[in-house]
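The values are calculated or read from the model by the stated rules, or taken from the named source; none is laboratory data. Here the structure is a predicted model, which means the values were calculated and not measured. No Cβ is skipped: glycine too gets one built from the backbone with ideal geometry, and neighbour counts run over all protein chains shown. Surface areas here come from the heavy atoms of the whole protein model, side chains and all, with no ligands, DNA or RNA. Shrake-Rupley method; radii C 1.70, N 1.55, O 1.52, S 1.80 Å.
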Amino acid sequence: MLDINLIRHNLLETKRKLSSRAKGLAPLLDEVYALDSKKRNLQTEIEKWRALRNKQSKAIGLKKLQGEKVEEEFGALKEIGSTIEEKEKELANLEIQLNSLLLSLPNLPHESVPCGGTEANQVVRTWGEPPQPNFPLKTHWELGKALGILDLERSAKLSGSGFSLFLGKGAKLQRALIDFMLEMHTQNHGYKEVWPPYLVREACMMGTGHLPKFANDMYSINNDGLYLIPTGEVPLTNLHREEILSESSLPLRYVAYTPCFRLEAGSAGKDTRGILRLHQFDKVELVQITKPEDSYGALEEMVQHAEKVLQALNLCYRVVLLASEDMGFGAAKCYDIEVWAAGIQSWLEISSVSNLENFQARRMNLRYKSSSGKNILCHTLNGSGTALPRLVAAILENNQKEDGRVLIPEKIRAYFGEEYL
RNA sequence: GGACAGGUGGCUGAGCGGAUGAAGGCGCUCGACUCGAAAUCGAGAAUGGGGACAAAACCCCAUCGCGGGUUCGAAUCCCGCCCUGUCCGCCA
């Protein structure tokens, strides 16, 4: 959520920044501005009436205590009461309009973010070399099927398209990769391991910004109003919703393995082969909660934490700084990490690391008490460290041998136990 | 899922229709005493918002789990919901 004070005092600047994300957003800010001033006028008026009522009610109480008659004063006060009630309804209405508008606006891009669409994305660095063996390369779904570790026919039988089913060594590989990544982030990068719920309340989804705008992308439980998490970011970031943290506890670093559930309503027909786009997939997620002045340092750090995973697995990747129009809803700045998949000859987005600044913190009222005694909104960051299906796809396709076997990266053999799939 | 008991400031805990934004205690901050500390004494200290202002002081409003209702007036009475605890049931 944007800071209403920013819109009040720097309307033009805010409009300019927001416009770089998508066309048509600037007029909404005019609307916010108008609603807000209307709201404040009405609020001031109501408060004057309330002050009057409080004063007179108190006077009645005093009189009554002294045994004086007070009944004749009730009429006038009752009238004030109904005036207030009427205006309060009007105010509540304004507030709902204003709030739903504010909740639907994306975050402002950081000044270092390039303006434009995907064509303006910048490759920041590339690591490793795409493998170029001298035999025809198979895709991960061909390899998975041939090795008997990935059965997409049967996952469709169970759940329809957009699900995966790993068997035997394929299943074990999932477990090994999860374990490997959790160990790395907890032991080397200072994250605290968390095993959170995968169903959360509506308030959590509001807090991270997945609601109200993206209800159509999520699975919900109509029995009790809970939502299946689309990413581990949701439970991790919401851990401290509505809290005032102590300054010394920051930064907080959390890592969790979770499954992720996405309806993918808007992506019908995209990435239909293999396991590149699923309704349910697994991910190791990193989250940091920091002081405002520390968040951009933390962002660079987190990208490197995710990179370490790919480096350890010896997978070629590149880091991309996303342009303003390509970033997610709440991000002020975002890096994607794309891993090379040799079989399908493509870069796969395997991690997305974002600084949300105080966008989520404002929604979830997440603050810390500074040494001066002030309560200050925290900054929140999240990033995948990393997503599993695309990691598996990359390992399969990049490490395949001519005879169809797949070499297990050395660093996870301790977790996996064998040299080949 | 059922029954009962609860939800009040950083914590504990009183208040159960009016002068209470909230007693007492603990903790915290500042000051006095002290060579220093402890003890003692004094003072201060919630959050959000609006107004005014260069800014602060200041004025006002809201907030006692959340949302409604009754009332001139609600932490207090009524209704609904959420959460916590205990017991019972069910269950991995």
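Of the cross-linked pairs A:LYS138/A:LYS270; A:LYS308/A:LYS401; A:LYS270/A:LYS333; A:LYS145/A:LYS308; A:LYS89/A:LYS369; A:LYS63/A:LYS87, those separated by over 23 Å at the C-alpha level are A:LYS308/A:LYS401; A:LYS270/A:LYS333; A:LYS145/A:LYS308; A:LYS89/A:LYS369; A:LYS63/A:LYS87.
Under conditions of 20 °C and 1.002 mPa s, the range A:118-416 yields 108 µm² s⁻¹ as its translational diffusion coefficient, taking Rh as the Kirkwood radius over Cα pairs in the Stokes-Einstein equation.
Between A:GLU419 and A:LEU28, the C-beta separation translates, for a Förster distance of 45 Å, into a calculated FRET efficiency of about 0.20.
To the nearest ten degrees, helix A:295-312 and the longest principal axis of the Cα atoms of chain A are 20 degrees apart. Judged by the mean number of other Cβ atoms found within 10 Å, the most tightly packed of the peptides A:122-134, A:59-71 leads the ranking A:122-134, A:59-71.
Most tightly packed first, judged by the mean number of other beta-carbon atoms within 10 Å of their residues, the peptides A:344-351, A:290-297, A:49-56 read A:344-351, A:290-297, A:49-56. Rolling a 1.4 angstrom probe over the protein heavy atoms with all chains in place gives chain A an accessible area of 49 Å² per residue.
What shape does the range A:134-198 take by its C-alpha gyration tensor, where a ≥ b ≥ c are the square roots of the eigenvalues and a/c under 1.5 counts as rounded, a/b above b/c as prolate, and the rest as oblate? Cα axes put the range A:134-198 in the oblate bin. Counting charges near A:GLU95 (Lys, Arg +1; Asp, Glu -1) among other residues having Cβ under 13 Å from its Cβ returns a value of +2.
Using the alpha-carbon atoms, what tilt in degrees (0 to 90, nearest 10) does helix A:169-187 show relative to the longest principal axis of chain A? The angle comes out at about 60 degrees. Note on surface exposure: A:HIS110, A:HIS189 rank A:HIS110, A:HIS189 by accessible area, highest first, 1.4 Å probe.
Coupling constants for the range A:36-49 follow from the phi torsions by the Karplus curve (6.51 cos²θ - 1.76 cosθ + 1.60, θ = phi - 60°), and in residue order they are 5, 5, 4, 4, 5, 4, 5, 4, 4, 5, 4, 5, 5, 5 Hz; glycine and proline get x. Electrostatic bookkeeping for A:HIS110 treats Lys and Arg as +1 and Asp and Glu as -1; over the other residues with beta carbon under 9 Å from its beta carbon, the sum is -1. As a rough guide to protection, the peptides A:208-220, A:249-261 ranked by mean Cβ packing within 10 Å, highest first, stand as A:249-261, A:208-220. Computed from the C-beta positions of A:ARG53 and A:LYS192, the FRET efficiency with R₀ = 60 Å rounds to 0.75. Note on the range A:62-166: with neighbouring protein chains present and a 1.4 Å probe, carbon and sulfur make up 52 percent of its accessible heavy-atom surface.
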